[in-house]
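Here it is: the structure, laid out below.
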Amino acid sequence: MRRKFLLLCLATLPGCAPTVQSYTLTQTYNEAEFTPFAGAGPASLNGQAFLKTVGGDVKTCAGNQVFLVPSTPYNDEVIAHTRVGEPLANRDSRATQFTRVSICDASGKFTFDRIPAKKWYVVTKVTWGVPSEYGINQQGGEVLQVVDLKNGVNQAILTDADRTHH
């Protein structure tokens, strides 16, 4: 208990908390780069996302959203910096209108139908709680994979190798 109090006191002292610098994007939103990702297309994506615990248990993205994000120069820069935990100073919300969303089922499977055959990022979270002396510690994290979709059915498996670390 004394340790918790000391940590709380240190965290609340002015000037002691680390300051997080925001990154300023150099790419600007360009609608022409995004329009090929709009509307229906000839591709579909079937996927699954899961992580293994240290003990070997499999945890899935069950119930979590899965995002299919267009790979454009703008989003490439956004993802490169958010993936390492950098907050962005000048993110343009117009880019999000081209992102597709699905939900993972109980097995961690997801599907996107009738999408343009383009290069996309697939992003979701696989998290679980582990009890500790201070409460529940969240484990797992975000998994991200680049997929270059072709006409027809495509597959993606997101697992430990695709985990975002920050």
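The values are calculated or read from the model by the stated rules, or taken from the named source; none is laboratory data. Keep in mind that this is a model prediction, so the values were computed, not measured. Ideal geometry is used to build each Cβ from the backbone, glycine not excepted, and the neighbour counts take in all protein chains shown.
Within the set of pairs 6 or more residues apart or between chains, which connect a residue that is under 17 Å from THR99 (Cβ atoms) inside region 36-63 to a residue that is of a type in the set (Gly, Ala, Ser) and assigned to a loop (DSSP other than H, G, I, E, B) with Cβ atoms less than 8 Å apart?
GLY41/ALA117; ALA43/ALA117; ALA49/GLY108; CYS61/GLY108
Do we have any residue at all in region 122-141 that's over 15 Å from the mean Cα position of the chain (by Cα), of a type outside the set (Ser, Thr, Tyr), crowded, with 16+ Cβ neighbours inside 10 Å and farther than 20 Å from PRO36 by Cβ?
Checked region 122-141: no residue is over 15 Å from the mean Cα position of the chain (by Cα), of a type outside the set (Ser, Thr, Tyr), crowded, with 16+ Cβ neighbours inside 10 Å and farther than 20 Å from PRO36 by Cβ.
When the residues of region 66-89 are filtered to those that are touching a residue at least 12 places away in the same chain (Cβ under 8 Å), among the hydrophobic types (A, V, I, L, M, F, W, C) and loosely packed, with under 14 Cβ neighbours inside 10 Å, which remaining residue is farthest from THR111 (Cα to Cα)?
ALA89
Suppose the filter is at pLDDT 95 or above and among the hydroxyl-bearing types (Ser, Thr, Tyr); does SER22 pass it?
So SER22 fails the test.
Inspect region 157-166 for any residue being under 13 Å from the mean Cα position of the chain (by Cα), surrounded by fewer than 11 Cβ atoms within 10 Å (Cβ to Cβ) and not polar (S, T, N, Q) and give the result as yes or no.
Yes: one or more hits.
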